[in-house]
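Let me begin by presenting the structure, written as structure tokens, before commenting on it.
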Amino acid sequence: MSRASAHVVRIDERPAKRGESTGAGHRVILSRPGETLRIEQAAHHATRNTKTIRRWCFLYGIGRQAGPNAPLEIHRVALDMVLHGDFDALELLRQGRRDHEDVARYFDLAGLPI
């Protein structure tokens, strides 16, 4: 009788499922087309290096990677919130409360529709 071999997948090796946390326990920030930046664009926008941007993606959950070889996409508005240290607004964005005045002002700053 043969036994099926078990495949162990580390939590950080598989994509997050709907409503599941990513990075350091953060929920996914839902984004629309045009709201994300590639790692190099985000570094230029923030005037930081790519290593810092990657660390912020993990610490604050502002980025996503669709698959193992997919590019890292950083949410532009969430990045601005981290740059300004506005973590209350970041949590509101994570909850999907784009129309809240504390979140809407960042969309306005980025020139993006709510």
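Some notes on this structure:
- The number of residues in region 70-109 being under 16 Å from the mean Cα position of the chain (by Cα), loosely packed, with under 15 Cβ neighbours inside 10 Å and either part of a helix (DSSP H, G or I) or among the polar types (S, T, N, Q) (or both) comes to 4.
- Enumeration of residues in region 55-69 that are assigned to a loop (DSSP other than H, G, I, E, B), crowded, with 21+ Cβ neighbours inside 10 Å and of a type in the set (Gly, Ala, Ser): 61
- Cβ pairs under 7 Å, 6+ apart, first in region 32-57 and under 20 Å from residue 111 (Cα atoms), second surrounded by 12 or more Cβ atoms within 10 Å (Cβ to Cβ) and of a type in the set (Asp, Glu): 36/73; 38/73
- Close pairs from region 98-114: first at pLDDT 95 or above, partner assigned to a helix (DSSP H, G or I) and exposed (fewer than 14 other Cβ atoms within 10 Å of the Cβ), Cβ under 9 Å, at least 6 apart: 102/88
The values are calculated or read from the model by the stated rules, or taken from the named source; none is laboratory data. It should be emphasised that the depicted structure is a prediction, and the values quoted were computed from it without experimental measurement. So basically every Cβ, Gly included, is an ideal-geometry build from the backbone, and we count neighbours across all protein chains shown.
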